[in-house]
1. What residues qualify as long-range amide H neighbours of residue A:254, i.e. H under 5 Å apart, gap of 5 or more or another chain, H built at 1.01 Å from N?
2. Could you give me the percent of Cα pairs per 10 Å distance bin for the range C:147-259, shortest bin first, beginning at zero and ending with the bin that holds the maximum distance?
3. Against the longest principal axis of chain A, how steep is helix A:234-245, in degrees 0 to 90 to the nearest 10, with axes from Cα atoms?
4. Straight distance only, please: which lysines reach the Cα of residue A:118 with their own Cα at less than 19 Å, same-chain residues fewer than 8 apart left out?
5. From zero up to wherever the largest Cα-Cα distance of the range A:195-326 sits, split into 5 Å bins and tell me the percent of pairs in each.
6. Inter-copy label distances at residue B:94, 7 Å along the Cα→beta-carbon direction, one decimal in nm, shortest first?
7. From the Cα trace of the protein assembly as shown, what convex hull volume per residue do you get, rounded to a whole Å³?
8. Using only Cα atoms, find the angle between the long axis of helix C:107-116 and the longest principal axis of chain C, and express it within 0 to 90 degrees, rounded to the nearest 10.
There are 4 protein chains.
Amino acid sequence: MASAAKKIGVFTSGGDAPGMNAAIRAVVRSGIYYGLEVVGIIRGYEGMINGNAQVMNLRSVSNIIQKGGTILKTSRSTEFMTTEGRDKAAIFLKKENIDGIIAIGGNGTLTGLLEFRKHWDGQMIALPGTIDNDLYGTDYTIGFFTAVQTAIEAIDKIRDTADAHERVFLIEVMGRHAGFIALDSGIAGGAESILIPEVDTEVNRCATMFLDGFKKGKTSSIIVVAEGNSLGRVTNVANRLKETTGIDAKVVIIGHVQRGGSPMVGDRVLASKLGVYAVEMMIEGQDNVMAGEINGQCTLTSIDDAVNNRKLIDPFKLKIASILAI
Amino acid sequence: MASAAKKIGVFTSGGDAPGMNAAIRAVVRSGIYYGLEVVGIIRGYEGMINGNAQVMNLRSVSNIIQKGGTILKTSRSTEFMTTEGRDKAAIFLKKENIDGIIAIGGNGTLTGLLEFRKHWDGQMIALPGTIDNDLYGTDYTIGFFTAVQTAIEAIDKIRDTADAHERVFLIEVMGRHAGFIALDSGIAGGAESILIPEVDTEVNRCATMFLDGFKKGKTSSIIVVAEGNSLGRVTNVANRLKETTGIDAKVVIIGHVQRGGSPMVGDRVLASKLGVYAVEMMIEGQDNVMAGEINGQCTLTSIDDAVNNRKLIDPFKLKIASILAI
Amino acid sequence: MASAAKKIGVFTSGGDAPGMNAAIRAVVRSGIYYGLEVVGIIRGYEGMINGNAQVMNLRSVSNIIQKGGTILKTSRSTEFMTTEGRDKAAIFLKKENIDGIIAIGGNGTLTGLLEFRKHWDGQMIALPGTIDNDLYGTDYTIGFFTAVQTAIEAIDKIRDTADAHERVFLIEVMGRHAGFIALDSGIAGGAESILIPEVDTEVNRCATMFLDGFKKGKTSSIIVVAEGNSLGRVTNVANRLKETTGIDAKVVIIGHVQRGGSPMVGDRVLASKLGVYAVEMMIEGQDNVMAGEINGQCTLTSIDDAVNNRKLIDPFKLKIASILAI
Amino acid sequence: MASAAKKIGVFTSGGDAPGMNAAIRAVVRSGIYYGLEVVGIIRGYEGMINGNAQVMNLRSVSNIIQKGGTILKTSRSTEFMTTEGRDKAAIFLKKENIDGIIAIGGNGTLTGLLEFRKHWDGQMIALPGTIDNDLYGTDYTIGFFTAVQTAIEAIDKIRDTADAHERVFLIEVMGRHAGFIALDSGIAGGAESILIPEVDTEVNRCATMFLDGFKKGKTSSIIVVAEGNSLGRVTNVANRLKETTGIDAKVVIIGHVQRGGSPMVGDRVLASKLGVYAVEMMIEGQDNVMAGEINGQCTLTSIDDAVNNRKLIDPFKLKIASILAI
């Protein structure tokens, strides 16, 4: 396609996720492989506004595939939420002759691109980089595999103590709007109960099930709680549980460790595939799309669809979670 | 279905794989949930022949989801390869009124079931439990995620030394017939080259590529080698490389550690899904099938097809492996 | 010594610590090796009171050296704090002809022994099992190595995010009365500041140092905070820091994961040494002592001294922590 | 001291060890803290000969404490073994006005310093950086804690398979001249037998003990073998075992992974202490010494003593290893 980008900018934005570096590496290396010039924009939209960027070469991305965080830094730019901010960003890109951008981030990052469309007419391709796995148009997001593994390693450790003390633990994992991390880590952690935003929790039913378990001889219990579940944050859940059952559960919030760490194989491979694919689609002239993987195949979804559709929880997972908790 | 099994036996056979315990747990718990009697057969086919089995209850499988190995033990039974052996096994199952078996294992285990068909007419369902991921009819096998993660953790460590000493390392991972572990761990480990059984390696082309890398300024290098690649075991590869390039590569064989360890989330969730699904299919009256997961959905494949078809390597992964090695 | 114990009871009490199982294993195996009968008392002092115990053999402790938690369970017994409770416990031991006990736990457990002395005249030997490392009479306690490693793995992950977002993180580690975990994980985590109970923190001085770091070009920062530091729990510290510097630090509480997990080599080896040594000292007729390791040598300290003396922080570590934070 | 060094060079040499980066960081930061100029010499003695060095600042060593390998690279220089090579190295140091060097490495590195003494009269201080822990004058060497932890993680995984298959595994860990890694990882791994260079192994006695274990009901077994044990490399041991007992043991060589990986807390703290201490001793005018830690205190030992004395294995560890293997 005659008009396809010759010089592209790549950046990470919003919450960091393990595998972002692997994605940057794949974009830079495949960009160079295909003859593009690649610029790394620092601190996401913030860097576009302030003109903070650097030319990337093979060296810039060597030995980063295994590293957590993002070498390009990230931020949540408030200035980019203003028309003036977005104008500044567009001016910078034009001045630098950057005619395509590859944005790695989650829902907020993609929404930013939708707004930016009105200010700039270069090609825009997004890569789903967020631990939450809550983007439509891809089976998994870059960072999810590692976050859920980090959660399970914490849950395994807490189970040691739960067993030793015969206690109940409520473990809060990330997920304000989606229960993917909670569901997978709950199943894998052998949790007695899993509270997720997608399913309303009746505290009485939960309590009954819970007391039943103790009647059947269970002496310890793990409940995995997504931040955005219907009973509220984990301390609220503990209070509700105390009121209805009298049980004094211990509370653990896994927190920010879920964002960090060396990415698991799954995130590195996904990031590598999508990074190369995004560059190929850039060269093909694609615009305004998110590169995702569905059923093992790289696929494009319009950014609008990716942002505005809800990815559903696998109902069979919900079912087995309750069967296996007997 | 009137004739569906009421008492089932579950066992693990062949090479052990992380997640086998999670699969046993899922079979036992969902079996009990659905009102079946579940018996654990010890040491795979060996236990059938010798009548080594025990009734399983909820307690038998508590706190095992996170454990490597298999609580039911495993073996490669030579006696089962004989008609007499298989007859003995059939007699045991009849005597115990076991009318369905769920076998967790790899290619050899499934082939055993095909032979056993002639001796016993109960229901047979297989679960793909092998680190090699070389079974047709499922996107992933139970154990693969962990094995490839173990490989990458070793590769990451070796890269520290490779960088420090500016050396070349040849790292052999498991895979006599399939390159799945090598391909994913090679991509994720940023390997300069990946040798797999599915692709013939021309030693000269490999050497050229290799020397090119050094000319371009690379000072260290990782090559991931599947056991079954066309140049032979890793020490042969090292010799060939030495002959053609003069480079003295260090050899590391990751070996049996790839079979062990606490299963990753991916293996635990897959094992949990397939275990429940296998029990449900048993109750539905299914027979002579392997329960797998394709595109996120549980699916049945005839054991014959699972054994006799070859699962293909993702060609896009091969492509990005070479692009990203520039 | 003619009167030395022939039948001993072993138990774990108080907060669980990684390596308690390794200690139990060492006590049981060496007890059997030296011809003693060994009984495992369940749930610490609670089990003595309720007569909950079981004979241990070589099998009882096989394959537990690598496991977190404690197979003998643990508890904080309120009944044992009463004279009646302790009397019941003494009656049980006499009835069972247990003439020596080996108690694995921390400060509370040892204090319990001091009280129990008035009720029972068998031999009592303690093993220091607590993640806090706050017992006098041993360089390290069983569980400390693992807890501090768990903390550092969390800190390493959080640093990824701190760097990516250029943020300040306050990380709370365990330690109500002692800063051992905080000091070692702070040094090893490259923390900019470490707040421990042993040193009064002046919030202004801390703030100044902190702002200086940012002036010198630091863009992210990790502060490690022991629970018992002089500014209070980590959320208080965050508020104080906000007031004095305006900086909005993120708060992470590592929490209960520090108690769990497979014990590090250090804890396994220490537990193995002290377990064997405690049995040997039991046979020698020792009483009312804690078995510890000082300068690599097994040593006895009276329980009174162990409980009532304060183990000091290494001043050179304090010094290097501040030098290396420049 | 009037004559103490004002500009120092730091380098790593010989086999890399986890924690070398933490040591470099400590030398650089404390050097700057105390007003010295610090130069990093690349690739050890090789870099001195070739004049490959760079000025170090606070930035050069930020975010490296957690990294394996060495940012200064390392090598085993053959040219430095010649008089000419050492002369070149001395000329470089003089030209650069480097009047003190801090060398991080093992036995070979220290021996190099002894030779270099004849060519150069600046101050020389060594830091013990080697996974083998075989230097006299320090309780532990930088890298040992991580290497032994890497070994134990492999052993834990292999035990899964050993148990599942009821097999015997011979696991070779590093240690050509010393059994420290083997002894600690053998005790911590619950090995049935540990073969180390310090103790002659009688194959018959080993075989008897081994068969006894099987008679007593053991169904699997782990034997940890140091490279330099008296029966030779692990494949020889396997052959000898086969001859005497008929048992077909599986062989695993853990190999180079033991050198890599993010350093454990123990190595980071030790490296930090010794790095600062070495700089302080440099400023005090010390020369020709190794900085080590004995009984928790930083100590100097003459390089001659460090190289020519043998550090002894703890005999109590040997004893408990055999008691706990019953």
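We did not get these values from a lab; they are worked out from the coordinates using the rules stated. Bear in mind that the values here come from a model prediction, so they are computed numbers and not experimental data. Quick reminder, even Gly has a Cβ in these numbers, built from the backbone with ideal geometry, and neighbours come from all protein chains shown.
1. Amide H neighbours of residue A:254: A:172.
2. All Cα pairs considered, the percentages come to 16, 53, 30, 2.
3. Taking Cα atoms only, the helix is inclined about 20 degrees.
4. Within the straight-line limit of under 19 Å, residue A:118 reaches these lysines: A:88, A:94, A:95.
5. Final binned percentages: 2, 8, 12, 14, 15, 14, 10, 9, 8, 5, 2, 1, 0.
6. So the label point of residue B:94 gives 6.5, 8.7, 9.6 nm to the other copies.
7. 179
8. The two axes meet at around 30 degrees.
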